[in-house]
1. Contact list please: Cβ distance under 6 Å, first residue in segment 160-179 and closer than 19 Å to Gly237 by Cα and touching a residue at least 12 places away in the same chain (Cβ under 8 Å), second residue buried (at least 16 other Cβ atoms within 10 Å of the Cβ) and of a type in the set (Gly, Ala, Ser), pairs at least six apart or on different chains.
2. Just for segment 188-200: of the residues that are surrounded by 11 or more Cβ atoms within 10 Å (Cβ to Cβ) and at pLDDT below 85, which one is farthest from Pro222 (Cα to Cα)?
3. Identify the residue in segment 225-244 that is of a type in the set (A, V, I, L, M, F, W, C) and surrounded by 15 or more Cβ atoms within 10 Å (Cβ to Cβ) and, among all such residues, is farthest from the chain's Cα centre (by Cα).
4. Would you mind finding the one in Gly208, Gly200, Gly183 that is closer than 27 Å to Gly301 by Cβ, in contact with a Gly (Cβ under 8 Å, 6 or more places away or on another chain) and of a type in the set (Gly, Ala, Ser)?
5. Tally time: how many residues in segment 245-266 are more than 20 Å from the chain's Cα centre (by Cα), charged (D, E, K, R) and over 25 Å from Asp297 (Cβ atoms)?
6. So in segment 135-190, with the set limited to residues that are aromatic (Phe, Trp, Tyr) and not in a loop (DSSP other than H, G, I, E, B), which one is farthest from Ala281 (Cα to Cα)?
7. Just the residues that are among the aromatic types (Phe, Trp, Tyr) and either more than 25 Å from Pro269 (Cβ to Cβ) or surrounded by fewer than 16 Cβ atoms within 10 Å (Cβ to Cβ) (or both), please, taken from segment 201-224.
Amino acid sequence: MLLGSVPGLEHPVLSPLLGLLGLGVAAGLASREGWRREPVLGAFLVFVLGATLLIAYGRFTLAAPQIAPRYFVQSALFWATLLTILAETAVPKHRFLQWALPVTLGVSAFNVVASTRYLPVAEDFFRRRLETIRYYDKWLTLGGAPHPIYPDHTQADQILNTALEKGIYRLQARTSVPVVKRGPTKERSMVYHIEELDLGERRLHVRGFMLPEKKWGRQFEPYLVLKTADREYVFRGRKQSRPDVAEVHGRPDAIDSGFFFVVRRVEIPPTEFRVSLEHRARWTGVGLFTNTDHRVDNREGYEKVGLSQVHSSLTAPARQIFIGALPPKF
């Protein structure tokens, strides 16, 4: 099934059949000495087959699913190499241009079908992964995470804590960028809902949606404004796709109305803040904001998050394999 996973688009019946077909074609080319014209590609094809066999054997009893998506590259390499050898041996050179157009059209059509098949799956995968990363970022444990990313969360916590203590790696959501100077703004009423306002051990997480009266444009960026009696702290967040909001309000433009912010607690003083939401167009620089009824008290456990208490790996650059960042629509 692994060899046929790419052309068969993981179909449970079609993929194994295409894998057997590919092996048959490869054996036929070898028996007819078809690889003699392409010895390098032939050797590479043997290498790909050997690597695929080792992967299939090694994963047979060790993990589920047995065929992980990252191994589909083996199928892609196998079929690309096999079809190249087949074209070199079966298509006369004087008819190359006659074959180029239909082959290009066929590959393009397959690309469209494959994208349609896998794009929703990929978006859902990354969305679930980001939710888990944000959960860990708030509570510093994978226990109770909405979508587990490791079978044993206790062992996973130990691994992540050790990596953090040694400054090797940290698993965290992407931090919202603080804005030094707030641009011109106008107060406007808007529909909004803050679904999450969690003060974690080290960071503040805010998630929800805001929907102005006028059409929400893709050029808008969400901002979080934390206000005291005499100061404002502004942070630029990230947009989140919200098809549910678009459906409920009957506004297709509302699909990009979601937002989330991750604010390091050490960047704001230990006091109580009033929460305001703001969106700002990239090119005009003029923002529209609304004051909410929400409050957040950063004094809770603040002594634990002072800079003197935070490991250097949280304040200095560190190797981050995955920090929970996606394009703005996520």
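1. Ala173/Gly324; Arg174/Gly324; Ser176/Gly237
2. Residue satisfying both the conditions and the ranking: Gly200.
3. Leu226
4. Among Gly208, Gly200, Gly183, only Gly208 is closer than 27 Å to Gly301 by Cβ, in contact with a Gly (Cβ under 8 Å, 6 or more places away or on another chain) and of a type in the set (Gly, Ala, Ser).
5. Residues meeting the conditions: 3.
6. Trp139
7. Answer for segment 201-224, where residues must be among the aromatic types (Phe, Trp, Tyr) and either more than 25 Å from Pro269 (Cβ to Cβ) or surrounded by fewer than 16 Cβ atoms within 10 Å (Cβ to Cβ) (or both): Phe209, Trp216, Phe220.
The values are calculated or read from the model by the stated rules, or taken from the named source; none is laboratory data. Computed from a prediction, not measured in an experiment: that's the story for all the values here. Methodologically, a virtual Cβ is constructed for each residue, glycine included, from the backbone with ideal geometry; neighbour enumeration extends over all protein chains shown.
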